[in-house]
Amino acid sequence: MSIILMGCFIMKKVGIPRGLSYYEFYAAWKVFFEELGAEVVLSDRTSKKIIDDGVKACVDEACFAVKIFFGHVINLMGRADCIFIPRLTSISRNEYVCPKFGGLPDMVRGSIGGLPFIIDAEINMRKDKNGGLKAAYEAGSFFTTDRALIRSAYNKAVKSGYGVLPAEAAAPAGVLKNEGRLKIAVIGHGYNLYDSCLNMNLLNKIRAENAEVITLDMLDRDSIIKRSGTIPKKMFWNFGSKAVGAAFCLLDRQDIDGILYVMAFGCGVDSFVCDYVERLIRREKDLPFAVITLDEHSGEAGLNTRIEAFIDMIRWRKKNDINLPSHGQYLHHGESSAG
Amino acid sequence: MILTFPHMGNTYITAKVLLDELGVSYVIPPLDNQEALSIGARYAPELACLPLKINLGNYIKAYEQGADTILITGGCGPCRFGYYSEIEQGILRDLGIKMDVIALEKPDAGLLELMRRIYRLSGYEKNVNRVIGAVKKAARISALVDELERQTFRTRPRETAKGSTDRIYSAFRENVLNAKGYDGIKKLIGETSEKLSAIKVNRNQTPLKIGIVGEIYTTIDSATSFNLDIKLGNLGVEVDRAVTVSGWIIDHMFKKALRLPYDTGYVDAAKPYLKTMIGGHAQETVGHSAQYADRGFDGIIQIYPLSCMPEIVAQSVLPGLSRDKDIPVMTLIIDEMSGEAGYMTRIEAFLDVLDRRRERSIG
Ligand code: SF4
Ligand code: SF4
C-alpha cells in the first residue's frame, strides 16, 4: 500500500482500465510505469458484468465505449493504489482526440464514488511536441522524485511501446482458406474493433466467412498521414484524419472487396467521420460499404445477419461481375443498427 | 453572389446589420426552425447533432429563395461545430444543391486566405475599413439585442397583464426584418425597450430564479428548446442565460483571436469539477452553474441536443456540483423526436421542488 514520503505519495500498484486509449497506448504505459518500479494492474477483459457496471455508473447519453471504460474503472477498485486515467486532449499536432477523452477523468470522478487516487495527467501535444514528456513528469512524480529516471522511462516507453497493439488485436492463426478469400476493410476506433465483448466478436465473425480483415493499423502510417491532408479542411480529430487518410489508401488499392464502418452508438466523432468517409468512397468507387452501430442493446443475431448479408452481397456481385458506375444519386445510408 | 447564413436565436439581427452595412445581397432563411429541422433531419446523418440538421434546413430553404453562398463561422475542434461546414457541403453537393461557403475562420491555408474571404464578402472592394466598420456595428447591435432579451427575462415573470412582454417581443422579431441597417435596427431596439419598460409590473414579486446553461445553440435558439426561457418566464420564473450571442462574438471571436483579456471567471469556477477546456461550452456550463449557485439562484437547467459530446461530460460532473453547492440541477436533452408535453411535465415538477425549497428556507 502507499506510504507517505516527504509529502509525496509513493504508489506501488497502478491500475490501468482496459478501455478507450488502452488499445493504442497500453504497451508504452506498461513499460513507463514498470521502469519507475511500479506494478501495473490491468482490469479484466470486458465481460457482461463490466458492461453492466459501466452502464449503471455512467450517464445514459454517453457512448458505449465510455460506458465500458467506466466498467473497467470499477473492476480495478480495491486492486490498485491509484488508477491511471490520463486526460488525452491531444496526441498529435493540431489535432484533438474527442471531448470525452479530454474530460474523461472528470466524468469518472463525477460519476463513481469511493475511487482510489486518480492520476489524471493531461497529454496535450496539439501545439507542443513535448506534451507527452510533460505528462510523463506529472504522472511519474507520484512514483519517484527522480526526474532523470522519469525521462529515461518515458524514452524507453516511446521506443519499445509506441504503436505496439495488445494481444487482443492479433488475428487468430489459420482460419482462412486461400480459395475464394475476400478482403474486408474495417474502419473504426481500436476500442470498438479489438474489444470482442463490446462488438460480439465482430472481426472473427467476418473471418469465419473466409474474409481477411484489414484494419487501419495494418495500413502504412505515413501514407495515411499524407493522404489525410488532401481534403479542403483537414479533420481535427486524430481518429478522423486517420480514417479519411485510410479511406483514400483503401480506394487506391484494387484488392479490397468491401468496407465496413464500425461505431459505438452515441459517438459524436463517428457520426461525422462516417458520413464523410462514406460519401468520399461512394463518389469515387462502387465499393460495398456498410455501417455497423454497436451499443448495449445490440443483439448478436442481428449482427450475424448483417455480416452475412454484407458478405453474401459481395460474393454475389463478384460472381455476376457487377460494376455499377459510382454516383451521388446512388447515395444511400446503410441501415445503421446491429440489432 | 446572394448570401445566406444559419439561424441561431437572434443572430439573424446581427448578421442583417453586418450584411446591410456591407451592402451585399442576402436571404434570411424563414424564421421557423422547427420546419428547418424536419427538412434537415431528412438529409443529415441520423446521429449528427441537432444544430447541424437545423442549419441544413435553413440552407435548403434559403437556396429555394435564391441564395447561393453561405456565410458561417468556423472552428478547429474538438467538438463537431468546427466541422459543420464540411459535412454540410458534402450533403448539399450530393443533393445537387450548388452553394458556396465562406467560412470566417483561420483556414488551413493561412491568414491570407481569410483576408481573401473577407474581401470577397465586401465585393472585392478591398476596403478593409468598411469591413471593420460593419463588423463593429454588428457587434454593437448584438450587445443591444442581448440586453433587450434580458429585459424580457425580467419583465415576463413580473408583468401584471400576462402576455404583454411576448406581444412586444415577438412583434420586434418580425418587424426587425423590415428595418434597415445599423441605424434602423438600433432605433427599433430602442423603441421596443421603451415599450417593455412601460409594461405594468408587480414590484413586490420575488420570482424564482433559474440559470439556463448548456450547449449554445439549444440555449440561445429558444424555438429549438420549446421556448423554454419564455415558458418559464410566463410561469413566473426569472431566467438568466450567461452565454449570449454578443458574448460569443465579442469574447470568442474577437478577444480570443486578438488575445485580449476577457472574463474567464467561469473557467476558475468550473475547475473543481472540470479541469480543462474540452470543446463546445462545457466549461461555461459547469462554471456558470457554480456561479449561479454562488449568486443564490434557486435552480439550474442544463439543455443540450442529443449526443452533444462536451455537454455529456458536463452532465456527468453536475451532480457533484449540485451536491456541494446544494442547488437543484435538471438536464433537458433535445432531439427531433421529443415532444413538448414530456418536457413541460418535468419542468413543472422541477418548479415544485424549487418552490418547496424556498418555502422551507423562508418558513
Ligand atoms: S470518439 Fe466517439 S466513441 Fe470515442 S469517446 Fe469520443 S464519442 Fe465516445
Ligand atoms: S457543442 Fe454539441 S451540439 Fe454543438 S457542435 Fe459540438 S457536439 Fe454538436
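The table for this structure:
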item	result
Residues of region B:151-172 satisfying the condition of being under 21 Å from B:Leu31 (Cβ atoms) and surrounded by fewer than 16 Cβ atoms within 10 Å (Cβ to Cβ)	B:Gly163, B:Arg167, B:Ser170, B:Ala171
Residue that is farthest from the other protein chains (Cβ to nearest Cβ), among those in region A:236-281 that are within 17 Å of the chain's Cα centre (by Cα) and charged (D, E, K, R)	A:Lys242
Pairs, first more than 9 Å from chain A (Cβ to nearest Cβ) in region B:82-105, second basic (Lys, Arg), C-beta under 8 Å, six or more apart	B:Leu92/B:Lys98; B:Ile102/B:Arg117; B:Ile102/B:Arg120; B:Leu104/B:Arg117
A:Ala290 vs. criteria within 30 Å of B:Leu114 (Cβ to Cβ), within 20 Å of the chain's Cα centre (by Cα), away from ligand 1 (no atom under 16 Å from the Cβ) and open to solvent by less than 30 Å² (accessible area, probe 1.4 Å)	no
B:Ile300 being more than 16 Å from ligand 2 (Cβ to nearest atom), in a helix (DSSP H, G or I) and in contact (Cβ under 8 Å) with a residue 60 or more places away in the chain	no
Qualifying residue in region A:227-234 (condition: among the small types (Gly, Ala, Ser), over 29 Å from A:Arg315 (Cα atoms) and assigned to a loop (DSSP other than H, G, I, E, B))	yes
Selected residue [in contact with a Cys (Cβ under 8 Å, 6 or more places away or on another chain), crowded, with 22+ Cβ neighbours inside 10 Å and in a helix (DSSP H, G or I)] from A:Val273, A:Val269	A:Val269
Options A:Asp81, A:Asp52: the member that is away from ligand 1 (no atom under 16 Å from the Cβ), open to solvent by 40 Å² or more (accessible area, probe 1.4 Å) and charged (D, E, K, R)	A:Asp52
Subset of region B:247-290 [surrounded by fewer than 20 Cβ atoms within 10 Å (Cβ to Cβ) and of a type in the set (S, T, N, Q)]	B:Thr264, B:Thr276
Residues located in region B:259-273, provided they are touching a Gly at 6+ places or on another chain (Cβ under 7 Å) and in a loop (DSSP other than H, G, I, E, B)	B:Tyr273
Any hit, region B:69-81, residues being part of a helix (DSSP H, G or I), in contact with a Cys (Cβ under 9 Å, 6 or more places away or on another chain) and open to solvent by 10 Å² or more (accessible area, probe 1.4 Å)	yes
Residue in region B:48-56 that is more than 19 Å from B:Tyr12 (Cα to Cα) and either at pLDDT below 90 or in contact with a Lys or Arg (Cβ under 9 Å, 6 or more places away or on another chain) (or both) present	yes
Count of residues meeting criterion [buried (at least 17 other Cβ atoms within 10 Å of the Cβ) and of a type in the set (Lys, Arg)] in region A:149-205	1
When residues of region B:287-307 are limited to those that are at the interface with chain A (Cβ under 9 Å from one of its Cβ atoms) and more than 15 Å from the chain's Cα centre (by Cα), the one nearest to ligand 1 (Cβ to nearest atom)	B:Ser307
Among the candidates A:Lys159, A:Lys100, A:Lys129, residue that is within 16 Å of ligand 2 (Cβ to nearest atom) and out of contact with any Gly (no Cβ under 7 Å at 6 or more places or on another chain)	A:Lys100
When residues of region A:297-317 are limited to those that are open to solvent by less than 60 Å² (accessible area, probe 1.4 Å) and not in a helix (DSSP H, G or I), the one nearest to the other protein chains (Cβ to nearest Cβ)	A:Ser298
Qualifying position, being among the basic types (Lys, Arg), modelled with pLDDT of 95 or more and more than 16 Å from ligand 1 (Cβ to nearest atom), among A:Arg93, A:Arg45	A:Arg45
Every residue from region B:16-26 that is hydrophobic (A, V, I, L, M, F, W, C) and open to solvent by 20 Å² or more (accessible area, probe 1.4 Å)	B:Leu18, B:Val24
Complete set of residues in region A:221-277 that are within 16 Å of ligand 1 (Cβ to nearest atom), β-branched (Val, Ile, Thr) and over 18 Å from B:Cys76 (Cα atoms)	A:Val262, A:Val277
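Matching residues to (1) surrounded by fewer than 22 Cβ atoms within 10 Å (Cβ to Cβ); (2) of a type in the set (S, T, N, Q); (3) without any contact (Cβ under 8 Å) to a residue 40 or more places away in the chain; (4) touching a strand residue (DSSP E or B) at 6+ places or on another chain (Cβ under 7 Å):
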site: B:Pro305; (1), (2), (3), (4): no, no, no, yes
site: B:Pro310; (1), (2), (3), (4): no, no, no, no
site: B:Ser322; (1), (2), (3), (4): yes, yes, yes, yes
site: B:Lys325; (1), (2), (3), (4): yes, no, yes, no
site: B:Pro328; (1), (2), (3), (4): yes, no, yes, yes
site: B:Ile333; (1), (2), (3), (4): no, no, yes, yes
site: B:Glu336; (1), (2), (3), (4): yes, no, no, no
site: B:Tyr343; (1), (2), (3), (4): yes, no, no, yes
site: B:Ile347; (1), (2), (3), (4): yes, no, no, no
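Residues checked against (1) within 16 Å of ligand 1 (Cβ to nearest atom); (2) out of contact with any Leu (no Cβ under 7 Å at 6 or more places or on another chain); (3) among the β-branched types (Val, Ile, Thr):
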| residue | (1), (2), (3) |
| --- | --- |
| B:Val17 | no, yes, yes |
| B:Tyr26 | no, no, no |
| B:Ala41 | no, yes, no |
| B:Pro51 | no, yes, no |
| B:Lys61 | no, yes, no |
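Results for (1) assigned by TED's automatic domain parsing to the domain that holds A:Met313; (2) under 19 Å from A:Leu202 (Cβ atoms); (3) within 16 Å of ligand 2 (Cβ to nearest atom); (4) not hydrophobic (A, V, I, L, M, F, W, C), shown as yes or no for each residue.
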position: A:Thr230; (1), (2), (3), (4): yes, no, no, yes
position: A:Met235; (1), (2), (3), (4): yes, no, yes, no
position: A:Ala247; (1), (2), (3), (4): yes, no, no, no
position: A:Ile256; (1), (2), (3), (4): yes, yes, no, no
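Table: residues versus (1) modelled with pLDDT of 95 or more; (2) among the hydrophobic types (A, V, I, L, M, F, W, C); (3) under 19 Å from B:Ser307 (Cα atoms).
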position	(1), (2), (3)
A:Ile214	yes, yes, no
A:Thr230	no, no, no
A:Lys234	no, no, no
A:Ala246	yes, yes, no
A:Leu251	yes, yes, no
A:Gln254	no, no, no
A:Val262	yes, yes, yes
A:Gly266	no, no, yes
A:Val269	yes, yes, yes
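Residues are listed down the side, and each one gets a yes or a no for (1) more than 10 Å from chain B (Cβ to nearest Cβ); (2) not in a helix (DSSP H, G or I):
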site: A:Ile83; (1), (2): yes, yes
site: A:Thr89; (1), (2): no, yes
site: A:Phe101; (1), (2): no, no
site: A:Asp106; (1), (2): no, no
site: A:Arg109; (1), (2): no, no
site: A:Gly114; (1), (2): yes, yes
site: A:Ile118; (1), (2): yes, yes
site: A:Arg126; (1), (2): no, yes
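The values are calculated or read from the model by the stated rules, or taken from the named source; none is laboratory data. Note that this is a predicted model, so its numbers are computed, not measured. Using ideal geometry, Cβ is built from the backbone for each residue, glycine included, and neighbour counts are taken over all protein chains shown. Just the protein is used for accessible areas: all its heavy atoms, side chains included, with ligands, DNA and RNA removed. Shrake-Rupley method; radii C 1.70, N 1.55, O 1.52, S 1.80 Å.
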